[in-house]
Amino acid sequence: MKRLFIAFSLWFCITLLGGYLTVSYVVQSGDNLYNIAKKFRISPSTILDWNNLANPLKLKAGQQIVVPQPEGYLYVVKQGDSLYSIARAFFTSVSDILIANDLNSELIKPGQKLFIPQKIVGKAFNTEKGYIWPVYGVLSSPYGSRVHPITRQMSFHSGIDIAAPEGTPVFSSTSGVVVFAGEKSGYGLMVEVKSNNSIVRYGHLSKITVYEGQGVERGTLIGRVGNTGISTGPHLHFEVIVNSKTVNPLALLPSSNKVYVLKDGVEAAGGE
Ligand SMILES: [Zn+2]
């Protein structure tokens, strides 16, 4: 038993924080992101969100990785945030965040760190259609012909734009397999998820939390909102391709005034 404990403590270093632990894991030879995630019973996306890995498909023995236990995300409060706005970004409820962080009041201040356990994330996803809203934000540009915000010329917009603060979590709208994760010209940091009948593109991300070949569920964290590529401010470009042609994503998503729906009847629109 003692020997087991020593072996265990060699590759773990545990730090106890309010409501959660971070485990510092040292990559062993033969490890990959998938088996490390499996070892800790979490999604590879959670590991990618907590770590800045240069190449998630090529881990080096001896490299250190931070793993949260239980599974969840860290959110640093920004000026202008409220617990309600944070709850909406993670599609959860204010009361769940209060409980998870042992808070007695809704007063929060910039710089404060909140832990958002995975088990409370997505409670307010509107699942009435096959696709869910990937991000809580404001619809800032529709699909179809429009005046391009940078060139000022009429051009075709192949998706919809959803404006949200930088760092807002982006969730996979469908289940499927990641077929692209990286930089792609005007799209900046982009993820492509292929499902049975479509390819969904998520553009202008500030961070990507999936790797090519990863299987994702509806609601898996695929990245964070950013302003990469050709973009005028932090937003998500959300594009759906069916039979090699783009379609209007609004036809596939729940109505835009029901982005966030809690089972107990609380509903909120996409804009403020
Ligand atoms: Zn766009």
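Of note:
- Amide hydrogen neighbours beyond the local backbone of ILE222, cut-off 5 Å, H modeled: VAL170, PHE171, SER172
- Largest GNM mean-square fluctuation across VAL191, VAL247, VAL216, computed for the chain with C-alpha springs under 10 Å, falls on VAL247.
- By the count of neighbouring beta-carbon atoms within 10 Å, fewest first, ASP161, ASP96 end up ordered ASP96, ASP161.
- In whole percents, the pair-distance distribution calculated for the stretch 138-261 from its alpha-carbon pairs, binned every 5 Å from zero, is 2, 12, 21, 26, 23, 12, 4, 1.
- Potential extension, SER95-ASN248 segment - 0.36 nm per residue separation minus Cα distance: 51.6 nm
- When the P(r) is computed for the chain, the part past 22 Å accounts for 58% of the Cα-Cα pairs.
- Integer Hz, Karplus 6.51/-1.76/1.60 couplings in order for the stretch 140-150, x for Gly and Pro: 9, 7, x, 7, x, 5, 7, 7, 5, x, 9
- Using a Förster distance of 22 Å, the FRET efficiency for VAL26-ASN52 (Cβ separation, nearest 0.05): 0.85
- In order along the stretch 44-59, the phi-based Karplus estimate (6.51 cos²θ - 1.76 cosθ + 1.60, θ = phi - 60°) of 3J(HN,Hα) comes to x, 4, 5, 5, 5, 5, 8, 10, 9, 8, 4, 9, x, 8, 10, 7 Hz; Gly and Pro are listed as x.
- Cα-based shape type of the stretch 46-167, given that a ≥ b ≥ c are square roots of the gyration tensor eigenvalues and the cut on a/c is 1.5: oblate
- As a proxy for reagent exposure, ranking LEU253, LEU205, LEU107 by other Cβ atoms within 10 Å from fewest up yields LEU107, LEU253, LEU205.
- Highest GNM mean-square fluctuation among SER43, SER158, SER185, for the chain modelled with Cα contacts below 10 Å: SER185.
- Here the 3J(HN,Hα) profile of the stretch 97-107, calculated from phi with Karplus coefficients 6.51, -1.76 and 1.60 at θ = phi - 60°, is 5, 4, 5, 4, 10, 6, 9, 9, 9, 7, 6 Hz, Gly and Pro shown as x.
- Where Cα atoms sit under 19 Å apart: lysine pairs in the stretch 138-261 separated by 8 or more or lying on different chains: 4
- Summarising the amide proton neighbourhood of TYR73: residues at separation of 5 or more, or on other chains, whose placed amide H is nearer than 5 Å comprise ILE116, GLN118.
- Gyration tensor over alpha-carbon atoms, the stretch 73-120, equivalent ellipsoid semi-axes in Å: 15, 11, 10
- The aspartates and glutamates within cross-link reach of LYS78, meaning a Cα-to-Cα straight distance under 12 Å and a gap of 8 or more places when in the same chain, are GLU166.
- Label-point separation, LEU107 to SER185 (7 Å along Cα→Cβ), nm: 5.3 nm
A short reminder: the numbers here are calculations on the coordinates, not readings from a lab. Remember, it's a predicted structure, so these values are computed and weren't measured experimentally. Ideal geometry is used to build each Cβ from the backbone, glycine not excepted, and the neighbour counts take in all protein chains shown.
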